[in-house]
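The structure appears right after this line, and notes come after that.
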Amino acid sequence: MSDIREEIEKRILVLDGAMGTMLQRYDFSEEDFRGERFKDYPTSLKGNNDLLSITQPQAIAEVHGLYFEAGADIVETNTFSGTTIAMADYQMEDLVYELNYESAKIAKQVANEFTKANPEKPRFVAGSIGPTNKTASMSPDVNKPEYRAITFEELRIAYKEQVEALIDGGVDVLLVETIFDTLNAKAALFAIEEVKEERQIDIPIMVSGTITDASGRTLSGQTVEAFLTSISHVPLLSVGFNCALGAEQLKPYLQRLSYETEFYTSAHPNAGLPNAFGEYDQSAIQMQELIEDYLKDGLINIIGGCCGTNPKHIQAIAEVAKNYKPRQINIEV
């Protein structure tokens, strides 16, 4: 069985695009989200994309397949909101283990089919661990700056349940992504290390932060370098950025990151910036040209897409990525 740590030394690995963008195409109704099992559930379930791994598993498998066909080496599990904290919005905290386990299982099954068809290009599954909808280092109330909606310990417990289910479901790597509050991410990393120690396993970890605006900082106020310092105590496979910005806007921060870190680097930017309707207009070819700039400068080891990207974007990125060598790690950092 191939190890992602071996493959990343050989070539630039391609990550998939947006799951949410693809699921919008199905135009699922409230009834579709509910399925037979949840038809009498007391709350509205439309919009709970993670639930579709249980109620519409064939659609999730189809999306993974389309990204692999487009040339992705890694797909992310459909578990971005797979914590008790995020699932509280739907009163579905009790389903968290099952949601993560089933999502991982679906993705792994599709990955195995593609690997079997082409053993020269093994495919991997990244367990997607989102930021939750609460923040540990900032107050949601401007009038009470000392107030916190969540504690580090609550986050650790929630993340641990998610991590255990993803590993049980068969993921190859864990991806702590879209980090806007590094304290949340540290709770996730703490939980991962705890599970690794308890199970005596060494699963690779990817970390991906979010630069929220032109100030070049995360939402909780950290610069690229501060973010990197905060998480570098953990042995990571890769560190990078995703979401919030398009490929063009993200480049200067990737340059700084690439220069500063001895980990492999990743990026999965949005398809440009959203328009007035919150939609993404950047075409696959436009994105390909911007991503090629990263590759020419040797900034990247793992490249993919976030909001607004679809298999066409990933295909264009994969086509150009195969022409370049991966970023070389400077061990002297």
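Is it the case that region 116-129 has a residue that's assigned to a helix (DSSP H, G or I) and over 17 Å from VAL176 (Cα atoms)? I'd like the intermediate steps shown before the answer.
Quick first cut of region 116-129, residues assigned to a helix (DSSP H, G or I) only: 116-117.
When the remaining residues are screened for being over 17 Å from VAL176 (Cα atoms), the result is 116-117.
Yes, region 116-129 contains a residue that is assigned to a helix (DSSP H, G or I) and over 17 Å from VAL176 (Cα atoms).
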- Query: In region 162-184, which residues are closer than 16 Å to SER208 by Cα, in contact with a strand residue (DSSP E or B) (Cβ under 9 Å, 6 or more places away or on another chain) and in a loop (DSSP other than H, G, I, E, B)?
  - Reply: PHE180
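Quick check, is LEU23 out of contact with any His (no Cβ under 7 Å at 6 or more places or on another chain), within 21 Å of CYS243 (Cα to Cα) and surrounded by fewer than 20 Cβ atoms within 10 Å (Cβ to Cβ)?
Working: out of contact with any His (no Cβ under 7 Å at 6 or more places or on another chain): yes; within 21 Å of CYS243 (Cα to Cα): yes; surrounded by fewer than 20 Cβ atoms within 10 Å (Cβ to Cβ): yes.
When the stated conditions are applied, LEU23 passes them.
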- Message: Within region 1-110, considering only helices (runs of 4 or more DSSP H) that don't extend past its boundaries, which have at least 3 residues that are in contact (Cβ under 8 Å) with a residue 24 or more places away in the chain, more than 16 Å from ILE129 (Cα to Cα) and not acidic (Asp, Glu)?
- Response: 4-10, 19-24, 57-70
- Task: Considering each residue of region 52-92, count those that are in contact with a Phe, Trp or Tyr (Cβ under 8 Å, 6 or more places away or on another chain), farther than 21 Å from ILE167 by Cβ and surrounded by 21 or more Cβ atoms within 10 Å (Cβ to Cβ), and give that number.
- Result: 2
- Message: For region 200-222, check the following and say yes or no: at least one residue is out of contact with any strand residue (DSSP E or B) (no Cβ under 7 Å at 6 or more places or on another chain), under 29 Å from GLU289 (Cα atoms) and charged (D, E, K, R).
- Response: yes
- Query: Hey, any hits in region 208-218 for a residue that's of a type in the set (Lys, Arg) and under 25 Å from PRO145 (Cβ atoms)?
  - Reply: yes
- Task: Find the residue count for region 145-183, including only residues that are more than 13 Å from GLY82 (Cα to Cα), out of contact with any Pro (no Cβ under 9 Å at 6 or more places or on another chain) and of a type in the set (D, E, K, R).
- Result: 5
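Taking the condition under 20 Å from VAL224 (Cα atoms) and among the aromatic types (Phe, Trp, Tyr), does TYR324 pass?
Numbers: under 20 Å from VAL224 (Cα atoms): no; among the aromatic types (Phe, Trp, Tyr): yes.
It is false that TYR324 is under 20 Å from VAL224 (Cα atoms) and among the aromatic types (Phe, Trp, Tyr).
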- Task: Any residue in region 122-138 that's over 13 Å from ALA187 (Cα atoms): show its pairings with residues that are aromatic (Phe, Trp, Tyr) at Cβ separation under 6 Å, as long as the two are six or more apart or on different chains.
- Result: ARG123/PHE68; ARG123/PHE114; SER128/PHE80
- Message: Quick test of your reading of the structure: ALA107 fulfils all but one of (1) among the small types (Gly, Ala, Ser); (2) at pLDDT 95 or above; (3) over 23 Å from ASP16 (Cα atoms). Name the failing condition by number.
- Response: (3)
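The values are calculated or read from the model by the stated rules, or taken from the named source; none is laboratory data. Please read all numbers here as calculations on a predicted model, not as lab measurements. Counting neighbours? That spans all protein chains shown, and the Cβs are built from the backbone with ideal geometry, glycine included.
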